[in-house]
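The numbers here are math on the coordinates, done by the rules we state, and not lab data. These numbers were taken from a predicted model, which means no experiment stands behind them. Virtual Cβ from ideal backbone geometry, glycine too; neighbours counted across all protein chains shown.
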Amino acid sequence: MGYTFQGYRRPDGRVGARNLVAVIPSVICANDVGQAICRQVQGTIGYFHHQGCCQLPLDLKRVTDTLSNLGQSPNVGAALIVSLGCEGTDHERIVEEIRATGKPCEIIRIQELGGTSRAIQAGIDAAQRMVKEISGQQRETVDISELTMAIKCGASDTTSGMASNCVIGYVADKLVDLGATVIFGETTEFLGGEHILARRAVGGENGPVGQKIYQIVDEMEKRAMAIGEDMRGGQPTPGNIAGGLSSIEEKSLGAIVKSGHRPIQGVLDYCDQGYGNKGLWIKDTPGREPEILTGMAATGAQVMMFSTGRGAPQGFPSMPVIKICGNPNTYERMQHDMDLNAGVIIEGKKSIEEVGEEAFALLLEVLNGRMTNNEALGYYGSMDIFCLGPVI
Amino acid sequence: MDVKLALRVDDLDNVATVFANEVKAGDEIEIRDKRGHLDPVIVHSDVPYGHKIAVVDIPKGAHIMKYGESIGEADVDIKRGDYVHVHNMKALRGRGDLGK
C-alpha cells in the first residue's frame, strides 16, 4: 500500500511541500535590504547569512553553491537575489542556475539602483510580482518516494539516544523501504561510532563509502584537535553534559541511532544536492544548527525531522522542522515548541513503533501543509553557511 | 511510591541511565536490562535525571561501556552504585590537549 502527500510540482519535476518566494542576499552586506523586503511582502522568506565577501575562493564557491542550491530547492517557488554589487560571490551564476530549473528568478543590485531605499522599493515590487505569480499554484498528489527528508538531533541529552532518535530511526527505515530519500549529517557526532556506520556502508567497511566515512570523521576530528585543545569544552556542549552526556563518544552513539538500520548509499559534500538520490545518505556537516539546517535545505530536502532532549526550538526559513522530544520533563515545559512527545517511550507508556507511526502520520500532515511549531511561531531566523577558511 | 528505574541498554554495558526525578544518595534504583530483568542497587550520591550509575565495579583506566561500545575511560576506581559522569570518567576522542 502506497503513501502519498500533496505537493507543489516544479517545472524541473521536483516536488515542494511549501510554496515560498525566497529573498537571497548574495552577501551579508545586502541583508538589511532583504529584511525590509521580507517584512513588507507576505509569502516571502529570507536567507540572512553572514558570508559572501573577503573569503578565500574555496569558501566563496561554497557560498555561491549553497545560495544557488537553496534557490533551486523545491519548497522555493521563485527567488529574488539581492546583490550589493561588489561582493565576492558569483551572483550572476546563482541567477542562471535558479532560472535553469524553470522557476522565476529576479535580481536587484543595491549600488546600481542608487542605494538602500531605491533597492528596497525595487525589491518589494519584484517580490510582490513573484508572490502573486506563484501563490495560485495548486498542490497535487505525489508518491511518498518523491520525499527527501533530512534528519538531525540537537540540544541532546541521554533521552535522545533512547527515545526520540529511535523514533526518527523508525521513520527513516520506513521511508527508505518506501523508496524515499533520507539524509543525515553531523560528522562530529560520528566520533566513537564511525565503525558502526562504516559497517553499514554499501560495499562494506573497506569499500569506498565505508572508507569515506572514516575519512570525513578523521578530517573533522583533526580540525577540532588542530588548535591543541580538548574538544570537551565545546562537544558535548554544557547543555549536553547537564543532560547526562559525559563524552563525545556517548553523544555520538546516541546520535547515530536516528539513522535507523538501512545501508548507507554514499557521502555527500556540504555543497552537494541529494534530492531524489533514494535510500539513506550522509552529508558531511558540522553539528551546529544554523550550518547543518542550511546544508540540508540546500540539499533539496522538503522537510527535516529533528530530535531533542533539552529542547531546541528553532526551524529553518524554507524547510519545516518537526521537533520530536525524547525527554518527558522537557516536553511538559516546552509543548509550544515540541511537535511530538517521545518521552512516553522513556516512561514505558508507548513503544518506539507506536510513537514512530505517530511521527510518520505527523510527517505526512506537515508535507501536506500543516505548520510545525517553529513555522507557526516564525522561529527560523538563524541560518548560516559552513565555511572552511578564515575571513580575510 | 513509583519504582525508580535505570536502563542498561546492552549486556556489555557497565553503566545504566537513570530515568527518575530527584534520586538521592541512599535511594534504591532498579536497573532494568533489555530483557526486562531487574537488578536493585543503592546509589551512593544524588543523581540527576538522565545521568548514569555504575552497574558493576569499574577499575581506573577501564572502558566505560554504553550501547555495547566504549564511551571513554574511568579516571578513578568506580564502585557499583556510584554516579558516573565527567567528574570520574573522560572522553578519549577529540582530545587535542593530549597531543601537546
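Using a simple spin-label model with pseudo-atoms 7 Å out from Cα toward Cβ, B:Val86 and B:Ala62 lie 2.5 nm apart. Of the GluC sites (Glu not before Pro) found in the range A:1-109, no site is in coil according to DSSP while having at most 12 other Cβ atoms within 10 Å of its Cβ. Paramagnetic label reach from A:Glu353 (point 7 Å along Cα→Cβ; backbone nitrogen cut-off under 20 Å): within the range B:27-68, residues B:34-37.
Can you tell me the FRET efficiency between A:Glu133 and A:Leu56 if r is taken as the Cβ-Cβ distance and R0 is 35 Å, rounded to the nearest 0.05?
For R0 = 35 Å, the calculated efficiency reads 0.40.
Take the Cα of A:Arg199, step 7 Å toward its Cβ, do the same at A:Gln6, and the gap between the two points is 4.5 nm. Under 1.5 on a/c is rounded, so check that first for the range A:20-134, then, if it is not, pick prolate when a/b is larger than b/c and oblate when it is not; a ≥ b ≥ c are the square roots of the alpha carbon gyration tensor eigenvalues. Here the range A:20-134 falls in the oblate category.
Per residue, the average separation of C-alpha pairs within less than 8 Å and at least 6 apart gives chain A a relative contact order of 21 percent.
Sorted on the mean count of surrounding Cβ atoms within 10 Å across their residues, most packed first, peptides A:310-317, B:26-33, A:121-128 read A:310-317, A:121-128, B:26-33.
Under 16 Å from a label point set 7 Å out along the Cα-to-Cβ vector of A:Asp177, the amide N atoms of the range A:324-353 belong to A:352-353.
Which shape class applies to the range B:5-51: rounded if a/c is under 1.5, otherwise prolate when a/b exceeds b/c and oblate if not, where a ≥ b ≥ c are the square roots of the Cα gyration tensor eigenvalues?
Since a/c reaches 1.5 and a/b is larger than b/c, the shape of the range B:5-51 is classed as prolate.
The mean sequence separation of alpha-carbon pairs under 8 Å and at least six residues apart, normalised by the residue count of the range A:229-372, gives a relative contact order of 13 percent.
Extension gain for A:His261 to A:Asp143 (0.36 nm times residue separation, less C-alpha to C-alpha distance): 40.2 nm.
Close amide H partners of A:Gly287, meaning residues 5 or more places away or on another chain with modelled amide H under 5 Å apart, are A:Thr188.
Extending 7 Å from Cα along the Cβ direction at A:Glu96 and again at A:Asp125 yields two label points whose distance is 2.7 nm.
Residues whose amide H comes within less than 5 Å of that of B:Val84, counting only those at least five positions distant or on another chain, are B:Lys52, B:Ile53, B:Ala54 (H built at 1.01 Å from N in the peptide plane). Counting neighbouring Cβ atoms within 10 Å and putting the fewest first, the residues A:Met338, A:Met304 line up as A:Met304, A:Met338.
Based on DSSP H segments of at least four residues, each scored -39500 (n - 2.57), chain A has a per-residue ellipticity at 222 nm of -11500 deg cm²/dmol.
Summary value for the range B:5-93: 29 percent relative contact order, contacts being C-alpha pairs under 8 angstrom separated by 6+ residues.
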